[in-house]
Amino acid sequence: MVQNTVNHSVKTINWERALSGCLLGTAVGDALGLSYEGLSARRAQAMFPDLARYHFLAHYGMCSDDTEHQCMVAQALLAAQHDVKRFQRDFAWRLRAWFLGLPAGIGWATLRAIIRLCVGFSPEHSGVYSAGNGPAMRSAIIGVCYGHDKPLLRQFIRANTRITHTDPQAEYAALAVAMAAWQAATLPQPNPAALLAELEPYIDSEATLWPLLQCMAKSVANGESTTTFSLSLGLEKGVTGFANHSVPVCLHAWLSQPHDYEAAVLAVIRCGGDTDTTAAIVGSIVGAAVGVGGIPEPWQADLWEYPRSRHWLQQLAQRLAQHCAGEAQQPLPLFWPAIIPRNVLFMFLVLGHGFRRLLPPY
Ligand SMILES: [Mg+2]
């Protein structure tokens, strides 16, 4: 058990607790939200009245690209040894290798960027103009590792974003998630004013995200539910994969219940739409606050994943915690021969869910 801590102006951070909560929180949120992805809130309720358990493979849950990308970022941070250029190069190789493993779920911008990487574009030029939520779904882990050094955090977030997405909105949204994860891990009582104060120097006030974050802050202060806030953004059919939609809704769910993993994740799943990604983002932030012990044990136990198992995720978090504390560490070996069989099974299950949706209840 590593008890590495660093003095921070607010309080000390226990990296092992925050990082393991962040990684497990991502995986559990992703797996929980996966069965409802793309459904409206009304249809999700009709098909699966009990939202508070997995419905993917009987009562077991599996993870999608959100968890895989968060893990790849963690591995690339280990390989980079605090060097942003090395991080970008290593992450680019991991994206290419991930693509060769036939992943079932992949965002449109991420797909185009990886194809560009595969045909020889450098990681500085592989990104496409998009403000999808891909970078936001893999930035909480960077926030926990580098939130104590804001200029370096910003460089890592920029490198992590531009490899797939070049619209500045995607970068602002990713930075907001990273900063949220850092505050979750370090502030005893996170609040919208503290988050906005930290983000203000880094987000262009002319950018669409800024007024949306201000509306989010007001809505949290007024005690509105996350569903009410989501509807106020016009997201009746569910939260979209556009970062300016998903990130304000996720931050609302976190700030409304910053220490209650279950309530925060279910609040965002109830909004419908891109639920695996939104629940993964909220799970990564609240997980950084509550640690693994704050994530419901049955949800952790019913994760049915290999080779990125619950045990493997905890080992990865532990290694990254040692890295943050200044110990040189290497990426954690992953039993890669299992990836293609696992992904083929996963693809069949996703197809099964797709066909199931053709049937009632509508
Ligand atoms: Mg996904």
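Ranking 349, 315, 71 by Cα position along the charge dipole of the chain, where only Lys, Arg, Asp and Glu carry charges on their C-beta atoms, puts 349 farthest toward the positive end. Each of 72, 137, 179 was scored by other Cβ atoms within 10 Å of its Cβ. Listed from fewest to most, they are 72, 179, 137. Round to the nearest 0.05 the FRET efficiency obtained for residue 345 and residue 48 when R0 = 22 Å and r is the Cβ-Cβ distance. Rounded to the nearest 0.05, the efficiency is 0.55. Close amide H pairs (under 5 Å, H built 1.01 Å from N) link residue 132 with 243, residues at least 5 positions away or on another chain. The simple Förster model, with R0 at 35 Å and r as the Cβ-Cβ distance, assigns residue 86 and residue 194 a FRET efficiency of 0.60.
Sorting 347, 47 by the number of Cβ atoms found within 10 Å of their own Cβ, with the fewest placed first, yields 347, 47.
Only one residue of 190, 87, 173 has its Cα farthest out toward the positive end of the dipole of region 66-194, where Lys and Arg carry +1 and Asp and Glu -1 on Cβ, and that residue is 87. For the chain, the share of alpha carbon pairs falling in successive 10 Å distance bins from zero is 6, 28, 38, 24, 5, 0 percent. Working from label points 7 Å from Cα in the Cα-to-Cβ sense, the residue 60 to residue 112 distance is 3.7 nm. By the count of neighbouring beta-carbon atoms within 10 Å, fewest first, 252, 311, 55 end up ordered 311, 55, 252. Taking each DSSP H run with n ≥ 4 as -39500 (n - 2.57) and averaging over every residue of the chain yields -19000 deg cm²/dmol at 222 nm.
Other residues within the sphere of radius under 11 Å centred on the Cβ of residue 362, judged by their own Cβ, net out at +3 (K and R +1, D and E -1).
Are there chymotrypsin sites (Phe, Trp or Tyr not before Pro) in region 308-347 that DSSP puts in a loop and that have at most 14 other Cβ atoms within 10 Å, and which ones?
Working: sites: 312, 335, 346; in loops: 335.
Passing sites in region 308-347 are 335.
Counting charges near residue 98 (Lys, Arg +1; Asp, Glu -1) among other residues having Cβ under 11 Å from its Cβ returns a value of 0.
Here the mean projected area of the convex hull built on the C-alpha positions of region 21-86 is 5.7 nm².
Exposed loop sites are taken as trypsin sites (Lys or Arg not before Pro) in a DSSP loop (any state but H, G, I, E or B) with at most 16 other beta carbon atoms within 10 Å; the longest stretch of the chain without one runs 54-236. Cross-link partners of residue 150 among aspartates and glutamates, defined as those whose alpha carbon lies under 18 angstrom from its own and excluding same-chain residues fewer than eight positions apart: 83, 171, 198, 200, 204.
Rule-based calculations on the coordinates, nothing more; no lab input. Keep in mind the model is a prediction, meaning the values are calculated, not measured. Cβ atoms come from the backbone with ideal geometry, glycine included; neighbour counts cover every protein chain shown.
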